[in-house]
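Student: First the structure, which I've put down as structure tokens, then a few questions once you've had a look.
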Amino acid sequence: MSKKVRVRFAPSPTGGLHLGGMRTVLYNYLFAKKHGGNFIVRIEDSDQSRYVAGAEEYIFNCLKWAGLEPDESAIHGGEYKPYRQSERKDIYKKYAEQLIKDGHAYYAFDTPEELEKMRNDFKSDHNHSPQYDGLVRMKMRNSVTLTSEETKKLLDEGARHVIRIKMPEHETVTFTDLIRGEVSFDTSLVDDKVLLKADGMPTYHLAVVVDDYLMKISHAFRGEEWLSSAPVHVLLWKYLFGINEMPQWAHLPLILGPNGKLSKRDGAKYGFPVFAMNWMDPKTNELVEGFKEKGFLPEAFINLLALLGWNDGTEQEIFSKEELIEKFSIERVHSGGAKFDYEKAKWFNHEWIKRLQISELPAGRQGLRFQIEAVFNAKGITINDSVKFEKIISLVKDRCTLLTDFYDQSYFFFITPEKWDVDAVKPKWSETKKLFFAELIRNFELCPDWRATILENNFKEITVVNEIKPGEVLLPFRIMLVGGKFGPGVFDIAEILGKEDTILRIKKFLEII
RNA sequence: GGCCCGUUCGUCUAAGGGUUAGGACACCACCCUUUCACGGUGGUGAUACGAGUUCGAAUCUCGUACGGGCUACCA
């Protein structure tokens, strides 16, 4: 019981890191940190045919962006290296052979063709997909049906073979899931899973058990899709290391899309990201948009992910990472799947944008200011005046839901409008208005104190003198400055723009109207 | 088909035998605002169905329906 908390996440470098994967990381991370333990990332790269170049690095970049960096991993180092499955082949082989010696596993020489034939032969309405189980086992070519001489001969000849677990007959395997409570299975209904493949690589089943033991993992949280293979893992623990050594498990519910299981297709279909960061599949050149690039703050991303299936029992919804670590408990995670709601996701981001201080982490590259600057840089705008930039941010902050909104809400501070919403002004344009703005220019030119409140007063005074309603010239004024019917308060805009630029924009518009 | 898991407003969820079933997102209305937002106030809206246990069930039990997962030499 005094065992140190060490939780493990094992991504497979086969593509982007989706919401479900990120939430699994998050819960693992939160639990580890809450208990002062270590968060370990082990890479599942044993299937080289599915392995995608660059995917491993991508996974770690996602974790870094979200602020969920592991304590131990192939790239961060650690005591229990190596952390890549493909680099631990010999270890798995040793344990697989020990299982055979103890009578819990056997060699199987069946070719893929023979397996396919078996599945066809045994297929019926009663049995959609026949399994390599206790019954079928006796009809196949393996070290259970073959004599030991025959087996030895095949092995000596170097015949291609796998090692399969020998599932016991009619045994009930029970384990306690931290979220679901007690779950039991009848071993007769589970097939003889392959443990070691013909190429010498382990399957997940063997690797996860061996690595969790060797890396002294105390807790492992994974997706619900693993629940049905849990009995295999329980048995392997029992055979290899003793059931008492087995880590505590929690099977997390799936995150659903608008129509069932969340897929990367849903992103394109419904216009929301499903991956943490942009993922370009080098095989297909298909780009799947990420939350980062879409304009999400890592703080908001973590927050919304954590709340998708968990809450602390109060009505609080906005949590910082530190608060999540403090309040998270795996027992309060839901057992039912949650449908992802992009509108709510955006709300979280909006809340975080409103909350974060502009000057936060000014020296780092992670602060809000830096992230917004990056948005402008991406649009080809360089920020020269830092003071002005921060003023702009505070002015438009409340109206931005995504980081990219900062550009749409304030680009006009950096780019003088070339096109104006003339239609909104022209029909009601008059000589009186023309005179008003001429007067306004004169007044502004002489204005000694360029502040929004003063500008507003001057503006109103001139409307009185010219016998014109403020409402009639306010909109044209706005369009002169920004080009259209949008943006924050006009006088605030004018203040930031400065005297010279403001007057220039009025003049420019007067020329074309 | 078999096995496993699940089911409270449209969505995320609270309520662990006794609440007018609470909150948030979205939606609608009003207020604020001489642009658009933000914000404020209010409103519509849920215990899948059927039995049972109980004085009393969203809550416990069973059945049904529906949804999901697994059923690979993928993870």
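The values are calculated or read from the model by the stated rules, or taken from the named source; none is laboratory data. This is a predicted model, so every value here is computed, not measured. In this analysis, Cβ positions are derived from the backbone assuming ideal geometry, glycine residues included, and neighbour counts consider all displayed protein chains.
Student: Answer yes or no as to whether A:Asn377 is modelled with pLDDT of 95 or more, more than 16 Å from RNA strand B (Cβ to nearest atom) and part of a helix (DSSP H, G or I).
Tutor: The answer is yes for A:Asn377.
Student: Can you find, within segment A:145-189, the residue that is nearest to RNA strand B (Cβ to nearest atom) among those that are under 17 Å from A:Met118 (Cα atoms) and buried (at least 18 other Cβ atoms within 10 Å of the Cβ)?
Tutor: Filtering segment A:145-189 for residues that are under 17 Å from A:Met118 (Cα atoms) and buried (at least 18 other Cβ atoms within 10 Å of the Cβ), the one nearest to RNA strand B (Cβ to nearest atom) comes out as A:Val162.
Student: Please pick out the residue among A:Tyr106, A:Tyr51 that is surrounded by 15 or more Cβ atoms within 10 Å (Cβ to Cβ), of a type in the set (Ser, Thr, Tyr) and within 31 Å of the chain's Cα centre (by Cα).
Tutor: Values: A:Tyr106 fails: within 31 Å of the chain's Cα centre (by Cα).
Criteria check complete, one pass: A:Tyr51.
Student: Sticking with this one: Please give the helices (runs of 4 or more DSSP H) falling wholly within segment A:410-513 in which 1 or more residues are within 40 Å of the chain's Cα centre (by Cα).
Tutor: Qualifying helices (runs of 4 or more DSSP H): A:470-482, A:490-497.
Student: Which residue out of A:Val464, A:Val473 is aliphatic (A, V, I, L, M), surrounded by fewer than 15 Cβ atoms within 10 Å (Cβ to Cβ) and within 15 Å of RNA strand B (Cβ to nearest atom)? Spell out the reasoning first.
Tutor: Details: A:Val473 fails: surrounded by fewer than 15 Cβ atoms within 10 Å (Cβ to Cβ).
Sole residue among the options that is aliphatic (A, V, I, L, M), surrounded by fewer than 15 Cβ atoms within 10 Å (Cβ to Cβ) and within 15 Å of RNA strand B (Cβ to nearest atom): A:Val464.
Student: Would you be able to tell me the number of residues in segment A:180-221 that are more than 26 Å from A:His128 (Cα to Cα), under 31 Å from the mean Cα position of the chain (by Cα) and not in a helix (DSSP H, G or I)?
Tutor: The qualifying residues number 12.
Student: Ok, one more. Please tell me if A:Glu116 is within 40 Å of the chain's Cα centre (by Cα), within 13 Å of RNA strand B (Cβ to nearest atom), surrounded by fewer than 16 Cβ atoms within 10 Å (Cβ to Cβ) and assigned to a helix (DSSP H, G or I).
Tutor: yes
Student: Now for a separate question. Are there any pairs, at least 6 apart or on different chains, whose C-beta atoms fall under 8 Å, with the first in segment A:109-133 and free of Cβ contacts under 8 Å to residues at least 12 places away in the same chain and the second within 6 Å of RNA strand B (Cβ to nearest atom) and not aliphatic (A, V, I, L, M), and if so, which?
Tutor: Short answer, once both residue conditions are applied: A:Arg119/A:Ser129; A:Lys123/A:Ser129.
Student: Quick check on segment A:416-461: of everything there that is of a type in the set (A, V, I, L, M) and farther than 22 Å from A:Ile512 by Cβ, which residue is farthest from RNA strand B (Cβ to nearest atom)?
Tutor: Restricting to residues being of a type in the set (A, V, I, L, M) and farther than 22 Å from A:Ile512 by Cβ, the top hit is A:Leu446.
Student: Take the conditions modelled with pLDDT under 95, exposed (fewer than 15 other Cβ atoms within 10 Å of the Cβ) and not aliphatic (A, V, I, L, M) and apply them to A:Gly267. Does it pass? Please lay out each step first, then the result.
Tutor: Details: modelled with pLDDT under 95: yes; exposed (fewer than 15 other Cβ atoms within 10 Å of the Cβ): no; not aliphatic (A, V, I, L, M): yes.
In short, no.
Student: Identify the single condition in (1) more than 13 Å from RNA strand B (Cβ to nearest atom); (2) under 21 Å from A:Asp47 (Cα atoms); (3) crowded, with 22+ Cβ neighbours inside 10 Å; (4) not basic (Lys, Arg) that A:Ala207 does not satisfy, given that it satisfies every other one.
Tutor: All conditions are met except number (1).
Student: Being farther than 30 Å from A:Asp133 by Cα, within 9 Å of RNA strand B (Cβ to nearest atom) and aliphatic (A, V, I, L, M) is the requirement here; does A:Leu256 meet it?
Tutor: Here the answer is yes, as A:Leu256 does meet what is asked.
Student: Next question, about the same structure. Somewhere in segment A:58-79, is a residue touching a residue at least 12 places away in the same chain (Cβ under 8 Å), within 11 Å of RNA strand B (Cβ to nearest atom), in a loop (DSSP other than H, G, I, E, B) and charged (D, E, K, R)?
Tutor: no
Student: Considering each residue of segment A:397-409, count those that are under 17 Å from A:Trp347 (Cβ atoms) and in a helix (DSSP H, G or I), and give that number.
Tutor: Initially, segment A:397-409 is screened for residues under 17 Å from A:Trp347 (Cβ atoms), giving A:397-405.
Those left that are additionally in a helix (DSSP H, G or I): A:397-399, A:405.
The qualifying residues number 4.
Student: Go through segment A:372-389 and count every residue that is over 29 Å from the mean Cα position of the chain (by Cα) and under 17 Å from A:Gln409 (Cβ atoms).
Tutor: Here the count works out to 3.
Student: Find all pairs meeting these conditions: Cβ atoms under 9 angstrom apart; at least six residues apart or on different chains; first residue within segment A:225-254 and free of Cβ contacts under 8 Å to residues at least 12 places away in the same chain; second residue part of a helix (DSSP H, G or I) and within 16 Å of RNA strand B (Cβ to nearest atom).
Tutor: A:Ile243/A:Val234
Student: When you go through (1) touching a strand residue (DSSP E or B) at 6+ places or on another chain (Cβ under 7 Å); (2) among the polar types (S, T, N, Q); (3) within 15 Å of RNA strand B (Cβ to nearest atom) one by one for A:Asn38, which number turns out not to apply?
Tutor: Only one criterion is unmet by A:Asn38, namely (3).
Student: Return yes or no: is A:Arg137 within 11 Å of RNA strand B (Cβ to nearest atom) and either in contact with a Phe, Trp or Tyr (Cβ under 9 Å, 6 or more places away or on another chain) or of a type in the set (Lys, Arg) (or both)?
Tutor: no
Student: Residue by residue through segment A:447-501, note down the ones that are under 19 Å from A:Thr416 (Cβ atoms) and either basic (Lys, Arg) or touching a strand residue (DSSP E or B) at 6+ places or on another chain (Cβ under 8 Å) (or both).
Tutor: Hits for segment A:447-501 are A:Arg478, A:Lys485, A:Lys499.
Student: From the list A:Glu331, A:Glu360, A:Glu390, which one is farther than 22 Å from A:Gly290 by Cβ, modelled with pLDDT under 95 and within 14 Å of RNA strand B (Cβ to nearest atom)?
Tutor: A:Glu331
Student: How about segment A:297-326: which of its residues are away from RNA strand B (no atom under 13 Å from the Cβ) and out of contact with any helix residue (DSSP H, G or I) (no Cβ under 8 Å at 6 or more places or on another chain)?
Tutor: Listed by number, the residues that qualify are A:Glu322, A:Glu323.
Student: I've got another one for you. Can you name every residue in segment A:220-244 that is exposed (fewer than 15 other Cβ atoms within 10 Å of the Cβ) and touching a helix residue (DSSP H, G or I) at 6+ places or on another chain (Cβ under 8 Å)?
Tutor: A:Ile243
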